[in-house]
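Nothing in this text is a laboratory measurement; each read-out follows from the coordinates by a stated rule. Note that the coordinates shown come from a computational prediction; the quantities given were computed from them, not determined experimentally. Counting neighbours? That spans all protein chains shown, and the Cβs are built from the backbone with ideal geometry, glycine included.
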Amino acid sequence: MTGTTRDEVLAELAALEDPRAREVNERHGDDHGVNLGKLRALAKRLKTQQELARELWETDDTAAKLLALLICRPKAFEGEDLDRMVREARTPKVHDWLVNYVVKKNPHAEELRLAWFADPDPVVASAGWALTTDRVAKKPEGLDLTRLLDIIESGMKDAPDRLQWAMNHCLAQIGIEHAGYRARAIDIGERLEVLKDYPTPPNCTSPFAPAWIAEMVRRQEK
């Protein structure tokens with residue numbers, strides 16, 4: 001489907017609008033009514049189209065922004081492009097896909113991680129923490145895990161929701177991946193009690209860090 005115009009894609013997204021999907025998405029803070037499976041199928045048909053992706057991103061349509069993230073070339077963006085985009089990504093799904101599908105694959109990821117980590121905007125800072133968590137798991141060399149735990153211990157309890165969630169994920173990842181820091185990570189989680197009472201469906205792992213760490217370590221040892 002190369003050569004497809006932005007307006008044609010927007011029309012197709014409008015045709016996919018489903019009130020039930022919108023209801024589900026809005027419960028998670030996402031203001032669109034397109035089933036994500038159908039959105040991914042559309043992206044598969046469109047294939048990679050960087051210029052179309054840029055045009056879709058510039059719309060005010062959340063589904064269009066999500067589609068843009070699926071059909072773009074992650075390595076084609078400059079650092080300033082991604083910095084602007086993360087500040088424009090105000091819904092959770094757009095923010096998460098931008099960080100996970102695009103920024104993590106971009107050569108500017110590390111410089112953006114450092115720039116965003118202590119940004120005064122907590123949503124932007126949460127992107128920095130998400131990139132840090134990825135490094136904790138995949139490339140921890142050079143990270144000061146003690147300092148990260150110090151920051152989490154002093155700041156996670158009162159952090160805004162999105163930032164708190166990202167810091168908690170980092171706490172759990174440190175405990176899961178680094179046995180030498182596991183006892184401290186569990187202790188911090190137990191004392192702060194962040195997400196301790198988060199409703200967790202049966203057969204799903206709780207986001208409460210001590211429980212999360214224990215379950216993932218159990219699986220690894222198994």
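Between the alpha-carbon centers of the range 185-222 and the range 43-121, tell me the distance in whole angstrom.
Each part reduced to its Cα centre gives a spacing of 30 Å.
Taking θ = phi - 60°, what integer Hz values does the Karplus form 6.51 cos²θ - 1.76 cosθ + 1.60 yield along the range 161-171, in sequence order, with x for Gly and Pro?
Per residue, the Karplus-derived 3J(HN,Hα) values read 3, 5, 5, 4, 4, 5, 5, 5, 4, 5, 4 Hz.
Assigning unit charges at the beta carbon (Lys, Arg +1; Asp, Glu -1) and nothing else, what dipole magnitude in debye, to the nearest 20, does the chain show about its Cα centre?
Here the size comes out at about 940 debye.
Could you tell me how many degrees, from 0 to 90 and to the nearest 10, lie between the Cα long axis of helix 79-88 and the main elongation axis, the longest principal axis, of the Cα atoms of the chain?
90
In whole Hz, with x marking every Gly and Pro, tabulate ³J(HN,Hα) for the range 60-68 from phi via Karplus 6.51 cos²θ - 1.76 cosθ + 1.60, θ = phi - 60°.
In residue order, the calculated couplings are 9, 8, 5, 4, 5, 5, 4, 4, 4 Hz.
What angle do you read, to the nearest 10 degrees and between 0 and 90, between the alpha-carbon axis of helix 122-138 and the longest principal axis of the chain?
Once rounded, one gets 70 degrees.
Report the rotationally averaged projected area of the range 136-222 based on its alpha-carbon convex hull, in square nanometres.
It is 5.9 nm².
Restricting attention to the alpha-carbon atoms of the range 107-183, what are Rg (one decimal) and Dmax (integer), both in Å?
For the range 107-183, the Cα-based Rg and Dmax read 11.6, 34 Å.
How high is the FRET efficiency between LEU114 and LYS139 when r is their beta carbon distance and R₀ equals 22 Å, given to the nearest 0.05? Walk me through the numbers before you get to the answer.
On the way: r = 14 Å, r/R0 = 0.63.
According to the calculation, E is roughly 0.95.
What is the magnitude of the charge dipole of the range 1-64 about its Cα centre, with +1 placed on the Cβ of each Lys and Arg, -1 on the Cβ of each Asp and Glu, and no other charges, expressed in debye to the nearest 20?
Approximately 460 debye in magnitude.
Roughly speaking, what is the stretch gain from ASN100 to ASP31, that is 0.36 nm per residue apart minus the C-alpha to C-alpha distance, in nm to one decimal?
Full-extension gain reported as 22.9 nm.
Given the chain, what whole percent of its Cα pairs are spread farther than 25 Å?
The share of Cα pairs beyond 25 Å in the chain comes to 46 percent.
Return the equivalent ellipsoid semi-axes of the range 46-140 as a descending list in whole Å, where each equals the square root of 5 times an eigenvalue of the C-alpha gyration tensor.
Semi-axis lengths for the range 46-140 are 22, 14, 11 Å.
In nm, give the distance between the simple-model label positions of ALA179 and THR48, each being 7 Å from the Cα along the Cα-to-Cβ direction.
Rounded to a tenth, the inter-label distance reads 4.0 nm.
Taking a temperature of 37 °C and a viscosity of 0.692 mPa s, what whole-number D in µm²/s does Stokes-Einstein yield for the range 41-81 with Rh from Kirkwood over alpha carbon pairs?
322
Report, by chain and number, residues whose modeled amide H sits under 5 Å from the one on ASN35, excluding near sequence neighbours (fewer than 5 apart, same chain).
Distant-sequence amide H within range of ASN35: ASP18.
Of LYS44/LYS93; LYS65/LYS196; LYS105/LYS222; LYS47/LYS105; LYS38/LYS196; LYS75/LYS139, which sit over 27 Å apart, Cα to Cα? List each step's numbers first, then the result.
Working: LYS44/LYS93 19 Å; LYS65/LYS196 33 Å; LYS105/LYS222 31 Å; LYS47/LYS105 17 Å; LYS38/LYS196 34 Å; LYS75/LYS139 19 Å.
Result: LYS65/LYS196; LYS105/LYS222; LYS38/LYS196 exceed 27 Å.
Can you tell me, using C-alpha contacts under 8 Å and at least 6 residues apart, the relative contact order of the range 53-103 as a whole percent?
Values: 39 pairs, mean separation 19.1, N = 51.
The value is 37 percent.
If one takes the longest principal axis of the Cα atoms in the chain, at what angle in degrees, from 0 to 90 and to the nearest 10, does the Cα axis of helix 209-221 lie?
90
Which whole-number percent is the relative contact order of the range 1-123 (Cα, under 8 Å, 6+ apart)?
RCO, the range 1-123: 21 percent.
Can you run phi through the Karplus equation (6.51, -1.76, 1.60; θ = phi - 60°) for the range 153-160 and list ³J(HN,Hα) in whole Hz, with x for Gly and Pro?
Computed from phi, the couplings for the range 153-160 are 4, 8, x, 5, 4, 9, 6, x Hz.
Relative contact order of the chain, please, whole-number percent, based on alpha carbon pairs below 8 angstrom and at least 6 residues apart.
With pairs under 8 Å counted, the relative contact order is 11 percent.
Which residues does the label zone of ASP197 cover in the range 140-167, counting backbone N under 20 Å from a point 7 Å along Cα→Cβ?
It comes to 156-162, 164-165, nothing else.
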